[in-house]
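Worksheet for the structure shown next.
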Amino acid sequence: MVIFRVVTSSYDNTVKTWDMETGKVLWTIEHEGIITSCNISCDGKYVVSGSDKGNAISVFDAVSATEVACVQGHHRSTITRCCFDPDKQRVTSVSYDKTIKLWDMVARSTSIAIKEGHSNAISDCCFTSDGRYLCTASWDKSLKIWDIKTGEFRSRGPVTLNQGHEGSVSSCRFSQDASLVVSGGYDNAVAIWETDAGYKKLSLKVLRFYLVSSLMRRCKVCAPLKALYLLLSNILAQIQAGIHAEFV
């Protein structure tokens, strides 16, 4: 029998896995510090979490909750986001310390460390579905796209997406085909970017922060990014035409 699961992390120092059909907790792991992020691998075999205690990342077996690895002092400051690459070979983490790190599951060591990517805290990161590109979002108001698989960023640097937000960028996601990136910010704006060209395709700034949060949740959980692009385009057209639109 296939069990559909969701993994959550909390400021109550726990990571939990839930059965989505029954709503029951399958297992709970208690940490000594606040859990700032969690992610489950694409094949559902592993869970990674980031802890405020010791700025550590921990990897667990997703079924038995047995600890597979724990890396203490992985960053110098709070880890804001951690996630597996699509190949399940590496764990990527970003932090208030402005660094990006990829930890190799096989070698049990950090394979890539980018220390000068952003000028302020990095708030989020995500991979394309093929694992080639990594996008990072930062409080320096920018996003950067890194060619991780080929290592091209070492010689040419990342693609930088600027002038999409007036404030800190809080989140980012690629479309399934990697042609678009969507970002949300603390400036109450959602922006959609053309990945290859590196330019802003569309942006929508609203007065209510919950609209941005709601749209980003839809993008992360269920809505294809191109559908979200069409939704935002429609909203923008209505606003420009003076039509009032309310969202709940």
Starting with the highest mean, order 106-112, 186-192 by the number of other Cβ atoms within 10 Å, averaged over the residues of each peptide. 186-192, 106-112
Taking 45 Å as R0, compute the FRET efficiency from the Cβ-Cβ separation of Val6 and Ser179 and round it to 0.05. 0.95
Need the C-alpha centroid separation for segment 151-184 versus segment 49-109, integer Å. 21 Å
Under the 0.36 nm per residue contour assumption, what length would be gained going from the current alpha-carbon distance of Lys88 and Thr110 to full extension? 6.5 nm
Relative packing of peptides 74-82, 31-39, 139-147, 62-70 - highest average C-beta neighbours within 10 Å first: 139-147, 74-82, 31-39, 62-70
What is the set of long-range amide H partners of Arg5 at a cut-off below 5 Å, with H atoms built 1.01 Å from backbone N? Met20
By its C-alpha gyration tensor, with a ≥ b ≥ c as the square roots of the eigenvalues, how is segment 31-115 shaped: rounded for a/c under 1.5, else prolate for a/b larger than b/c, else oblate? oblate
Once phi is turned into ³J(HN,Hα) by the Karplus curve 6.51 cos²θ - 1.76 cosθ + 1.60 with θ = phi - 60°, what whole-Hz value does each residue of segment 122-130 show in order, with x for glycine and proline? 9, 9, 7, 8, 7, 9, 6, 5, 8
Suppose R0 equals 35 Å; then what is the FRET efficiency for Thr66 and Asn162 from their Cβ-Cβ distance, rounded to the nearest 0.05? 0.20
Given 0.36 nm per residue, what is the gain on full extension from Glu21 to Ser155 after removing their alpha carbon distance, in nm? 43.4 nm
Shape verdict for segment 133-198, please, from the Cα gyration tensor: rounded (a/c under 1.5), prolate (a/b greater than b/c) or oblate. prolate
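Taken together, the values in this text are just the output of simple stated rules run on the coordinates, not laboratory data. Being a predicted model, the structure only gives us computed values, none of them experimental. Neighbour counts run over all protein chains shown; Cβ positions are idealised from the backbone, glycine included.
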